[in-house]
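What follows is a short report on a single structure.
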């Protein structure tokens, strides 16, 4: 999930940065789920959930970390053997919860590899709001 790491309000009793969900125009890091040992898992939600005020593991843009992220079909189509890893700007789509190709200013991350199937991505059901794992295309990015 794309995140915005921001400085808390002076009136908030918070130690450290405040993590909020990224928007289409603002994203400065990504939460990682493979280290979510303290998230809450319920019978209806197989994916670890974090309530407001909980801590989450994340990587800031510019760290060079290699992380897998869910991708759109447009990003998956870049795996053609000729597209440069630095030629495309990307954006975080907060509605679809995927990395997509940016048409204007995007975030500077590098697509290293695409895995079209056999991956597990967190997906929220639009009706029940339950979050579970589904097989989705994934891109390996250097952020």
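How would 15, 78 line up from fewest to most surrounding beta-carbon atoms within 10 angstrom?
Fewest-to-most Cβ neighbours within 10 Å comes out as 15, 78.
Would you mind giving the three semi-axes, in whole Å and largest first, of the ellipsoid equivalent to region 56-143 according to its Cα gyration tensor?
22, 15, 13
Within a 10 angstrom radius of the beta carbon, how do 110, 60 rank from fewest other beta carbons to most?
Placing the least packed residue first, the sequence is 60, 110.
FYI, it's all coordinate maths here, none of it is from the lab. Here the structure is a predicted model, which means the values were calculated and not measured. All Cβ positions, glycine included, derive from the backbone under ideal geometry; neighbour counts span all protein chains shown.
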